[in-house]
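K.L.:
Below you will find the structure I want to go over with you.
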Amino acid sequence: MRNADPTTESLSLDKAEPTASPQHGFFERLYTGTGGFPIVSRRKFFYTMSAVLLLISILSIAVRGFTLGIDFEGGTRIQVPALANVSTQDVEDTYAETLGHGPVTVQEVGSGSAATIQVRSETLDKDQTDQLQGALRAMLEKESETSVGLDAISIAEISETWGGQITQKALIALAVFVALTMVYIAIRFERDMSIAAIVSLFFNLIVTAGIYSLVGFEVTPAAVIGLLTILGYVLYDNVVVFDKVEENTRGILHLNKRTYAEQANLAANQTLMRSISTTVIGILPIIGMLVIAVWMLGVGTLKDLALVQLVGMIVGAYSSIFLAVPVLVSIKERWGPVAAHTKKVLDKRAGIGTTRVPVTAGARAARGPRPTDAGAPRPGARPSGKRHKGRH
């Protein structure tokens, strides 16, 4: 058997395509962040999924609307002590028998000696308030067989103007936050990243609000405050991802091996595990707050605040990786030097403009010797032994 020429073998190895990388498991690729998940290359899929979420959220907000709390709609709030043998059904029946119509909601809040039954109703006048207070007192004394004072039953009228003022201030705070976010990211990174971050922020706001509308969570001032607080988390997650994108794409226009999209996809993979870890660590105390608020204390304010933060953090983790980075790449590849660089790299890989035309022996003889060959030694000639000065 004739041995292969080592020179020919080395040339064939240089021209050979790189072998396929070893296959790793899902969790191994997730942990190492080696770019194994095609986030950017499948951005049309994520755009479609994001568009579906946005459409469902907007339709739910437009058709179903929100379940506004008493602070936004106005009304009367009645608090009755949760005594032994007294249930929420007893309170609801007493209310309906006294006033001729049922309350909006009746729920038990708190635990132990601090437990109360909270009734939310439409706005009641003074005569209705006095009748209801007397009827509830009689029902409590009958069911619990204990004496109950009138001061144990608290009735308060809630004005809708207070909720409107909170909404107005929340919208002003949102506008200021968005403006400052655009300025900060544009200064810290660049304009295109600022646009992608704002897209991610508004996606997070609309989808979180849509989930509230779809599920029927009650919108309270605490929920509005919680919605504004999650914007800070979304901004933090976007800054972390964009910082890695900037690091990976620095000087990419001077290289012809990888495109901007590939480097951005690598950055998204490298920060994916960090985003998941941050989200999990963030929602654990929120889940604990929900458990304490609902099952132990029954504090409605804590429940509303925890619900909006839980939904917002999960949606924010999705938008910062699977929406912000693809949007950034789409903007970059549509305008500017990144689009030209991407086309150049892809053309090089496809062999466009790089294929050499072989020259035949007859064409070489007709062309004659090259100008650089005039002083070249003949094949087989001995070296003259002269050294050029200044060459090291």
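The values are calculated or read from the model by the stated rules, or taken from the named source; none is laboratory data. Since the structure is predicted, the reported quantities are computational estimates derived from the model, not experimental observations. All Cβ positions, even for glycine, are placed from backbone atoms using ideal geometry, and neighbour counts span all protein chains on display. Each accessible area value is taken on the protein alone, full model and side chains, heavy atoms only, with ligands, DNA and RNA left out. Shrake-Rupley method; radii C 1.70, N 1.55, O 1.52, S 1.80 Å.
K.L.:
For residues in segment 145-163 being open to solvent by less than 40 Å² (accessible area, probe 1.4 Å) and of a type outside the set (Val, Ile, Thr), which is modelled with the highest pLDDT?
P.N.:
Result: Gly149.
K.L.:
State which residue is nearest to Pro221 (Cα to Cα) when the search covers only segment 83-115 and only residues that are open to solvent by less than 30 Å² (accessible area, probe 1.4 Å), in a loop (DSSP other than H, G, I, E, B) and touching a strand residue (DSSP E or B) at 6+ places or on another chain (Cβ under 7 Å).
P.N.:
Gly110
K.L.:
Oh, and also: State all residues of segment 61-80 that are touching a residue at least 24 places away in the same chain (Cβ under 8 Å) and either part of a helix (DSSP H, G or I) or open to solvent by 30 Å² or more (accessible area, probe 1.4 Å) (or both); if no residue qualifies, say none.
P.N.:
Ile61, Arg64, Phe66, Thr67, Leu68, Ile70, Asp71, Phe72, Glu73, Arg77, Gln79
K.L.:
Just to be sure I understand, how many residues within segment 165-182 are open to solvent by 50 Å² or more (accessible area, probe 1.4 Å) and farther than 15 Å from Gly232 by Cα?
P.N.:
Looking only at that region, the number is 6.
K.L.:
Next question. Go through (1) surrounded by 14 or more Cβ atoms within 10 Å (Cβ to Cβ); (2) touching a Leu at 6+ places or on another chain (Cβ under 8 Å) one by one and return the number of the condition Phe189 breaks.
P.N.:
It is condition (2) that Phe189 fails.
K.L.:
For segment 103-112, state whether one or more residues are over 27 Å from Ala209 (Cα atoms), β-branched (Val, Ile, Thr) and touching a Gly at 6+ places or on another chain (Cβ under 6 Å).
P.N.:
No, that holds for no residue.
K.L.:
Can you confirm whether Thr123 is among the polar types (S, T, N, Q), modelled with pLDDT of 85 or more, closer than 30 Å to Asp304 by Cα and surrounded by 14 or more Cβ atoms within 10 Å (Cβ to Cβ)?
P.N.:
no
K.L.:
Now for a separate question. Just checking, how many residues over segment 192-213 are without any contact (Cβ under 8 Å) to a residue 40 or more places away in the chain and open to solvent by 50 Å² or more (accessible area, probe 1.4 Å)?
P.N.:
Of the residues in segment 192-213, 1 are without any contact (Cβ under 8 Å) to a residue 40 or more places away in the chain and open to solvent by 50 Å² or more (accessible area, probe 1.4 Å).
K.L.:
Further question on the same structure: Residue by residue through segment 79-114, note down the ones that are of a type in the set (A, V, I, L, M) and modelled with pLDDT of 85 or more.
P.N.:
Val80, Val91, Ala96, Leu99
K.L.:
Please determine whether any residue of segment 244-258 is within 21 Å of the chain's Cα centre (by Cα), buried (at least 17 other Cβ atoms within 10 Å of the Cβ) and not polar (S, T, N, Q).
P.N.:
yes
K.L.:
Under the condition of being in contact (Cβ under 8 Å) with a residue 12 or more places away in the chain and farther than 21 Å from Ile158 by Cα, which residue from segment 135-144 is most open to solvent (accessible area, probe 1.4 Å)?
P.N.:
Filtering first and then ranking leaves Arg137.
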